[in-house]
Each structure stands twice: as structure tokens, then as C-alpha cells.
Amino acid sequence: MSRVELAEVVYAFGHGADAVRAVDGVDLVVPEGSFTAVLGPSGCGKTTLLRLVAGFLAPQAGTIRFDDAVVAGPGRVVPPQQRRVGYVPQEGALFPHLDVAANIGFGLPKQQRASAAGRDRVAEMLDLVELPREYAARSPHELSGGQQQRVALARALAPEPSVVLLDEPFSSLDASLRTTTGRAVAHALQATGTTAVMVTHDQDEALSLADQVAVMRLGHVIQTDAPRDLYRAPVDPEVGAFVGGATVVEARVEGDRATFAFGSAPLAAPAPDGEARVLLRPEQILVHRSEVGARVEQVHFYGHDAAVRLRLLPDGPALVARVPGLDAPEPGSEVGIGVTGPVVAYPTTSPTGVR
Ligand code: ADP
Ligand code: MG
């Protein structure tokens, strides 16, 4: 298993004025044995980044290392088959004309495939991804989408790759299958100590499955942190809103507190005195029935909780609060609001985070 390190990696499609810098100076360290999620909206360069690590594309600048070995850099590009990378593409991952055993064994050395050792390896991989061994003889079309993704992971892991790359591996699955398949895959990766990079546009998936999350915007990695640290202290309010949802309000910082239109809260981290913007997570906004301060505009009920869209009275900014589902107020009613801190404050002119 390898540590993967990208330094100043650039890849542009096209030339001159028409060039699209899909990956625009990416720095990223994936520790050995970790599960790293690269999180960003569609088109930000995630697939391109993964293809650079796999070796399907060669960077125009920068260096990619597996442990101490340079696999792509000035004057040196190691071809994909020598990088020992397992790749799980977004869809169409399996060979439809091969059974599950042949799919899983595909990356094994030829002499091993037909041998008892090869069959043992296939059985071991089925156990690992929690599929019955009898499935070895099935065709891909006899499996559900989630089962197919597990086979795709088993195929990627069978040859003991130095790193596994997953491109939005669960995006074609429905919500509940996505969760169970995601957990099974994360568990299999952890059990084998495999270094893995998964790209996704789904923040829940990134936060719940990965050890660290690298947030990507417009070809840049703008923040890399453990899920809790990313949620607690996003590098700018836009990242905060993208990762977990948030309302950004104008505030004034004095010492270790921020004061805004409907209250004040302690700061999570020091910030300069003066005008600021603070990030309020939906679960930090409290809804009281007692005093009146906001009108309930919309309620989205999810059962365990509800998202409540509020308008500060008389015609202030909109806020989103998250409350226990059965406690949600009625749309059109008037409520009091408060904030439970601490909050993160940012300068009024946001740093874009993009160099
Ligand atoms: P993501 O996987 O995050 O959706 P991609 O890496 O696929 O993003 O694409 C990043 C950018 O590069 C996008 O602007 C996309 O349109 C562009 N791009 C991707 N592949 C090609 C290609 N083969 N030719 C030209 N532009 C491309
Ligand atoms: Mg993509």
C-alpha cells in the first residue's frame, strides 16, 4: 500500500485561449492506508485528477509520487499497468460477458487465474465485500447495482494494488443501497489497509465514509481535513455552505464574541475585531415558540428532523434551522430564534481560497 502525493499538478484540455485547466495546481497528500474523499461539484476536475493518478493521463506540470517513487513528473511517466492501481469507474465497471469469478480474477496474473490459488483469491474477495461465494458463477446482469459495485471493488482489490481509485462509485445507486454499499466498501478497504481515493459530489458520502476530505473547486484543492475539522472550520463560508449547509450572516466581532441581528455567540477561533460574516449551521439555530423574531416560510419534514426556513422580521435575511421533526413549527407561524455557538467568523470580503 502506498502513500500518494500530488504536488502542483496541472492538466489542461485543449490549447491556447480554448484550454480548460481541469486540474490547476493540485497539492494533495493521501496517507498510506487512508481513505481520502475528493469532494466537489460536477465539472471541478475530479475525474481528471483520478485519471492522472491512475496514469491514463500525464500531467503537463507537477509531480505525482507513490511513496518515494515519482510516477509522473518532468521527463518521467510510469504507465498505468506498472503503477499497480485498482480503478473503479463510475458505471459499466464489469465485463458483461464474464461471470463474477472471471471479473474478479481479471487482474490476477494469467497462470494464477485458472488455478486453485486464483479460485481461493476470488472466494476471499467475495467474503471481503460481503457477497455469498455462490455468486461467483453469476453473470453481472443477475446482480443488483449495489452488488455489481461490490464486485467491481473486489476486482480492483484482488491483485493487491498499491492504491484503489473510485470514481463516484455509488452515484447510480438509490439512497439506502448507497449507504449500505458505501459502508461495506469502506469496511473492506479498511480491513485490507488499502490506500484509497474516492471522488464524489456527495458531501454526506464524503463526510461519513472517508478519513480525510479534500474539497475541490475549479481545478484546485482548497481544503484538506478530517471530516469533523472540515465541518467545524471550513476555509471559507462557501465551503461551509457546500459541506453541510449553512446560513451566512453579517456580524460584528469584538474580542471572543460575534454579535448579529438576532443575538450573539462565542467564536470557535480568534478573528480580528470589526465587521465579519459568520457561518451558522442549521442545528445551531434554535427555534423558540415564546418570543417573536422570525416568520416560518417553509418546512421540509424528514421524520427524524425538519429543515425550517425562517425570515427575520420585519424583512431581514433568510435562515435555515434544523429541528427535531416532530417539533417543527407550522409554516406561516411566528417564532423566536437564538443561536447556540461557537461560530466561525470570516472577513467580509471572502478569501476565495483559490490562488
Ligand atoms: P468532474 O469529474 O469533477 O465532473 P472532470 O474532470 O470530468 O470533472 O472535468 C473537469 C473539466 O474538464 C470540465 O470543465 C470538463 O468539461 C473538462 N473536460 C473533461 N474531459 C474533457 C475532455 N476529454 N475534453 C475537453 N474537456 C474536458
Ligand atoms: Mg467525474
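The values are calculated or read from the model by the stated rules, or taken from the named source; none is laboratory data. As the structure is a prediction and not an experimental result, all values here were calculated from the model. Cβ placement follows ideal geometry from the backbone for every residue including glycine, while neighbour counts extend to all protein chains displayed. Only protein heavy atoms, including side chains, enter the accessible area calculation; ligands, DNA and RNA are left aside. Shrake-Rupley method; radii C 1.70, N 1.55, O 1.52, S 1.80 Å.
Contact map, segment 211-226: residues that are without any contact (Cβ under 8 Å) to a residue 24 or more places away in the chain paired with residues that are assigned to a strand (DSSP E or B) and not aromatic (Phe, Trp, Tyr), Cβ distance under 8 Å, separation 6+ or inter-chain. Pairs shown: Asp225/Gln212; Asp225/Val213; Ala226/Gln212; Ala226/Val213. Counting only residues that are assigned to a loop (DSSP other than H, G, I, E, B) and closer than 16 Å to Ala210 by Cα, which one in segment 172-194 is most open to solvent (accessible area, probe 1.4 Å)? It comes out as Gly193. Among the conditions (1) farther than 17 Å from Arg217 by Cβ; (2) within 16 Å of ligand 2 (Cβ to nearest atom); (3) assigned to a loop (DSSP other than H, G, I, E, B), Pro59 misses just one, which is (2). Any residue in segment 81-89 that is within 30 Å of Arg138 (Cβ to Cβ), within 16 Å of ligand 2 (Cβ to nearest atom), touching a residue at least 60 places away in the same chain (Cβ under 8 Å) and assigned to a loop (DSSP other than H, G, I, E, B)? The answer is yes; a qualifying residue exists. Considering (1) in contact (Cβ under 8 Å) with a residue 12 or more places away in the chain; (2) at positive phi, the lone condition that Gly75 does not fulfil carries the number (1). Within segment 1-21, the set of residues being over 13 Å from Val70 (Cβ atoms), open to solvent by less than 90 Å² (accessible area, probe 1.4 Å) and part of a strand (DSSP E or B) comprises Val10, Tyr11, Ala12, Val20. Exactly one residue out of Asp236, Asp211 is more than 16 Å from ligand 1 (Cβ to nearest atom), modelled with pLDDT under 95 and in contact with a Phe, Trp or Tyr (Cβ under 7 Å, 6 or more places away or on another chain): that is Asp236.
Comparison of Val197, Val249, Val213, Val164 shows that the only residue that is within 16 Å of ligand 2 (Cβ to nearest atom) and not in a helix (DSSP H, G or I) is Val197. The set of residues in segment 25-44 being open to solvent by 10 Å² or more (accessible area, probe 1.4 Å) and within 16 Å of ligand 2 (Cβ to nearest atom) consists of Pro41, Ser42, Gly43.
Sub-6 Å Cβ pairs linking a first residue in segment 130-145 that is farther than 12 Å from Ala102 by Cβ to a second residue that is of a type in the set (A, V, I, L, M, F, W, C), at least 6 apart or interchain, are Glu130/Ala184; Arg133/Ala123; Arg133/Leu126; Tyr135/Val100; Gly145/Leu173, ordered by first then second residue.
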